[in-house]
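Beneath this line is the structure, given in structure tokens, with notes to follow.
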Amino acid sequence: MNIILMGPPGAGKGTQAAKLVEKYNLKQISTGDLFRKAIKEETKYGVIAKYFISFGYLVPDDFTIQMVEEYLHENIHTEEFKNGFILDGFPRTIVQAKKLQDICDMFDFKIDAVINLDIPEDVLIKRLSGRRTCEDCGKSYHIVYNPPKVEGVCDVCGGQLLQRADESEEAVQVRIDTYNKQTKPLIDYYQMKGELINVNGDQTMDQVTQDIYDILDKI
Ligand code: ADP
Ligand code: AMP
């Protein structure tokens with residue numbers, strides 16, 4: 001089963017992807033995580049992505065698509081992918097969505113569901129301003145809605161929890177504006193293809209998870 005998880009920044013894509021990985025043994029492909037890893041390792045993708053990410057802009061399409069293609073080329077036939085994958089944060093533009101169709105043909109797979117986490121803008125700002133991410137394993141927490149057992153320390157690996165560099169007030173607003181301009185049109189795109197499934201993202205984490213399970217269990 002291959003899924004696209006869509007939604008604005010802070011909608012809960014990463015949080016829900018982790019639940020789906022556990023239940024269905026899928027591989028999560030987060031382009032945001034791939035870029036952050038590339039920045040840490042100072043690869044060619046990291047050097048370019050750093051600038052765009054820090055201001056809250058999207059990384060240019062050709063560059064993002066190239067990274068995803070390379071990643072799939074190297075990983076798609078590995079054991080981790082045998083039950084399928086969750087795309088978290090890709091596609092984010094119409095150009096990327098069209099290219100994804102070509103990539104599906106190239107690697108001979110299909111997307112089984114496009115799940116859109118629907119959520120009002122004021123909730124996003126509260127979520128993003130309280131998000132803390134483990135610098136070692138990438139697990140995300142929220143200081144109010146999903147706090148770690150020990151403040152500032154990851155429950156899973158003991159790593160330090162930090163606020164992401166693109167979570168300053170200014171960058172958060174740019175990311176939301178960028179979403180509205182460049183990514184929101186994908187809702188219509190997938191709706192017109194008859195593939196979009198909306199889920200109310202403004203519920204407790206467990207309720208959102210249950211709603212997604214109910215959808216995927218029927219696939
Ligand atoms: P995304 O991957 O879509 O950017 P995250 O999964 O990182 O979003 O979630 C953003 C923040 O909101 C995190 O701090 C997370 O713990 C919190 N969060 C996610 N889902 C919910 C929810 N249903 N209710 C409250 N907080 C949530
Ligand atoms: P995320 O972790 O999904 O919130 O992504 C963090 C940042 O990485 C985004 O604000 C973008 O700058 C960049 N990014 C992630 N995925 C994409 C994508 N599909 N296209 C362009 N930029 C992306």
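Miscellaneous remarks
- The residues on offer are LEU186, LEU196, and the sole one that is more than 16 Å from ligand 2 (Cβ to nearest atom) and surrounded by 14 or more Cβ atoms within 10 Å (Cβ to Cβ) is LEU196.
- Cβ-Cβ distances below 8 Å connect the following pairs, each with a first residue in segment 120-137 that is assigned to a loop (DSSP other than H, G, I, E, B), a second residue that is β-branched (Val, Ile, Thr), and a separation of six or more residues or different chains: CYS137/VAL156.
- Checked against (1) surrounded by fewer than 17 Cβ atoms within 10 Å (Cβ to Cβ); (2) within 12 Å of ligand 1 (Cβ to nearest atom), THR15 passes all but a single condition, namely (1).
- Of all residues in segment 130-147, those satisfying the criterion of being farther than 15 Å from GLY14 by Cβ and within 10 Å of ligand 1 (Cβ to nearest atom) are ILE143, VAL144, PRO147.
Residue by residue, here is whether (1) of a type in the set (S, T, N, Q); (2) part of a helix (DSSP H, G or I); (3) modelled with pLDDT under 95; (4) under 20 Å from ASP33 (Cβ atoms) holds:
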| site | (1), (2), (3), (4) |
| --- | --- |
| LYS149 | no, no, no, no |
| ASP155 | no, no, no, yes |
| THR178 | yes, yes, no, yes |
| TYR189 | no, yes, no, no |
| ASP202 | no, no, no, no |
| TYR213 | no, yes, no, no |
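- Breaking point among (1) out of contact with any Gly (no Cβ under 9 Å at 6 or more places or on another chain); (2) closer than 20 Å to ILE4 by Cα; (3) within 14 Å of ligand 2 (Cβ to nearest atom); (4) of a type in the set (Phe, Trp, Tyr), for PHE35: (1)
- Residue ID - farthest from ILE94 (Cα to Cα), chosen from residues in segment 199-219 that are open to solvent by 40 Å² or more (accessible area, probe 1.4 Å) and among the hydrophobic types (A, V, I, L, M, F, W, C): MET205
- Single residue of ILE39, ILE29 found to be closer than 23 Å to ASP136 by Cβ, among the hydrophobic types (A, V, I, L, M, F, W, C) and either part of a loop (DSSP other than H, G, I, E, B) or out of contact with any helix residue (DSSP H, G or I) (no Cβ under 6 Å at 6 or more places or on another chain) (or both): ILE29
The values are calculated or read from the model by the stated rules, or taken from the named source; none is laboratory data. Quick caveat: nothing in here was measured; it's all calculated off a predicted structure. We place every Cβ from the backbone using ideal geometry, glycine too, and count neighbours over all the protein chains shown. The protein model used for the area step is the full one, side chains on, heavy atoms only, and it has no ligands, DNA or RNA in it. Shrake-Rupley method; radii C 1.70, N 1.55, O 1.52, S 1.80 Å.
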